[in-house]
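Peer 1: I'd like to ask some things about the structure below.
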Amino acid sequence: MRRLLPALLCLLLPVAGLAAEAGAQLRAFLEQTRTLDGPFVQERVGEQGAAPERATGRLRLERPGRFRWDYETPYEQLILADGDRLWIYDPDLAQATVRPQAEALGNSPARLLSGGLDLDAHFSVIETGPDRDGMDWVEVRPLGSDEEFIQVRFGFTDGRLAGMQMQDNLGFTTNIKFNELKVNSDIDSSIFVFQPPSGVDVLGE
């Protein structure tokens, strides 16, 4: 279960019958979103028949370049991008890892979502209609051949981001559902500043 970061960052077959509206929703979302705030449920599925790894928590994001994923169950973990560095903090292990943000995120869905990448410069956009799960889905694939993920799908309900599906190069699929995700609400920017607590081992500095 301690693979939440790869699942998030890799969160990370062209289909006929394309739906232009869904693609327009993704582009409008990326252009118009300033902040996001809300709970999520994440499931990571691997080998057939194996029980999915399930986690819950809260996402807060402030574009460009800052986000905070607080995992609450099955254990606490923090993944925080402050615009310069990416922190991963595990309270149970009393350990934090820090890396330059651009290097750590690469051309990942997390970086696209937080406003650090141009959609058309780094991804091909594939419309996937018809709707599934009551959502409009748009699939994007990285243009480079050395990325850690194969594809990511963004699901929209009434123009709001409601889900993400990511397939990585190891054969894992990560599904994220957002509940009551608030868009462009005021967020205290201080939450994107991380100071390791006393006694925590910091790796990478």
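Peer 1: Have a look at Arg99, Arg132 and point out the one that is more than 14 Å from the chain's Cα centre (by Cα) and at pLDDT below 80.
Peer 2: Result: Arg132 is the single residue among Arg99, Arg132 that is more than 14 Å from the chain's Cα centre (by Cα) and at pLDDT below 80.
Peer 1: Another question, if that's okay. Starting from the range 127-141, keep only residues that are assigned to a strand (DSSP E or B), then list their pairs with residues that are buried (at least 21 other Cβ atoms within 10 Å of the Cβ) and modelled with pLDDT under 65 whose Cβ atoms are within a distance under 8 Å, requiring at least 6 positions of separation or different chains.
Peer 2: Pairs that qualify, where the first residue is assigned to a strand (DSSP E or B) and the partner is buried (at least 21 other Cβ atoms within 10 Å of the Cβ) and modelled with pLDDT under 65, are Glu127/Ala22; Asp136/Ala22; Trp137/Ala22; Val138/Ala22.
Peer 1: Considering every residue within the range 150-163, establish whether at least one is in a strand (DSSP E or B), touching a Pro at 6+ places or on another chain (Cβ under 7 Å) and surrounded by 14 or more Cβ atoms within 10 Å (Cβ to Cβ). Give the steps one after another, and end with the answer.
Peer 2: Step one: of the range 150-163, the residues in a strand (DSSP E or B) are 150-157, 160-163.
Now restrict to residues that are touching a Pro at 6+ places or on another chain (Cβ under 7 Å): 152.
Then keep just the ones that are surrounded by 14 or more Cβ atoms within 10 Å (Cβ to Cβ); that gives 152.
Taking every residue of the range 150-163 in turn, at least one turns out to be in a strand (DSSP E or B), touching a Pro at 6+ places or on another chain (Cβ under 7 Å) and surrounded by 14 or more Cβ atoms within 10 Å (Cβ to Cβ).
Peer 1: All but one of (1) within 17 Å of the chain's Cα centre (by Cα); (2) modelled with pLDDT under 95; (3) of a type outside the set (D, E, K, R) hold for Trp69; which doesn't?
Peer 2: Tallying (1) within 17 Å of the chain's Cα centre (by Cα); (2) modelled with pLDDT under 95; (3) of a type outside the set (D, E, K, R), Trp69 fails exactly one: (2).
Peer 1: Can you tell me which residues in the range 40-94 are among the basic types (Lys, Arg), out of contact with any helix residue (DSSP H, G or I) (no Cβ under 7 Å at 6 or more places or on another chain) and assigned to a strand (DSSP E or B)?
Peer 2: Keep residues of the range 40-94 that are among the basic types (Lys, Arg), which gives 44, 54, 58, 60, 63, 66, 68, 85.
Checking which are out of contact with any helix residue (DSSP H, G or I) (no Cβ under 7 Å at 6 or more places or on another chain) leaves us with 54, 58, 63.
Arg54, Arg58 - these are the residues of the range 40-94 that are among the basic types (Lys, Arg), out of contact with any helix residue (DSSP H, G or I) (no Cβ under 7 Å at 6 or more places or on another chain) and assigned to a strand (DSSP E or B).
The values are calculated or read from the model by the stated rules, or taken from the named source; none is laboratory data. This is a predicted model, so every value here is computed, not measured. Cβ sites come from the backbone with ideal geometry, for glycine too, and all protein chains shown count toward neighbours.
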